[in-house]
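No lab work stands behind these numbers, since they all come straight from the coordinates. If you're wondering where the values come from, they're calculated on a predicted model, not measured in any experiment. Here the Cβ is made from the backbone with ideal geometry for all residues, glycine too, and neighbour counts use every protein chain on show.
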Amino acid sequence: MQNVSLFVFTSLLLALTPGQDFIYIMIRSISQGVRAGFIAIAGLLLGVTFHTLAAATGIAAILLTSSYAFVFIKVVGAMYLIFLGVQAFRQQGKLEIKKTQDRASDLKLFKEGMLSSTLNPKLALFFMAFLPQFVSHDADAFQNMVILGLLFILVSLPILFSVAILSARFGNFLTKNKILSQSIGKISGVILVGLGIKLGFAEN
């Protein structure tokens, strides 16, 4: 594995950037409280595990076929990080979150969280693009990517738990504060673009 400290930093940044799963946790925490948010997080992380294994299996197969293909994936992945950064930077206005009136059961919360991440094609593409950036072409790709995926989960947990807690207590402020929303997007966007450029030109 390469640049583990950079991987941890990038994972923290991405966990802080509002996305589909981030917003889902906010919705459930605002409408049903912290416990509901935690259950949703458990489901989301199961989906993340699925994407980690899927990406690790695919990249390992590609690596066995061609090291050039692996380098190509890393370059495309770096470009994708830049794309995510530009999108985050251009984020406008407040977070679009509507309170739900239904009170879902624990099982439904878990299943919704799992499906939200498992069936998210953007998340699948993200893992295919992100994890290979930190694996060298001569390493055990499958093992290293699984380890990185688990590390991503561990790094994300404190952020996700904080999102659930803060959303349950200060949901209205977080969703309606335009300045806060734009600031998170612009700061995250600039850093993601920089990371994409750095990884794109890094030695493979």
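In which sequence would S29, S11 go, from the one with the fewest C-beta neighbours within 10 Å to the one with the most?
S11, S29
Work out, step by step, the length gained on full extension between A54 and F72: first 0.36 nm times the residue separation, then minus their alpha carbon distance; give nm to one decimal. Numbers along the way, then the final one.
Values: separation 18, 0.36 × 18 = 6.48 nm, distance 1.85 nm.
Additional length available on full extension: 4.6 nm.
Can you figure out the FRET efficiency of K108 with F83, using R₀ = 45 Å and their beta-carbon distance, to the nearest 0.05?
So, using R0 = 45 Å, E works out to roughly 0.85.
If neighbour count is taken as other Cβ atoms inside 10 Å, put S162, S167, S31, S5 in order from fewest to most.
Ordered by Cβ neighbours within 10 Å, fewest first: S5, S162, S31, S167.
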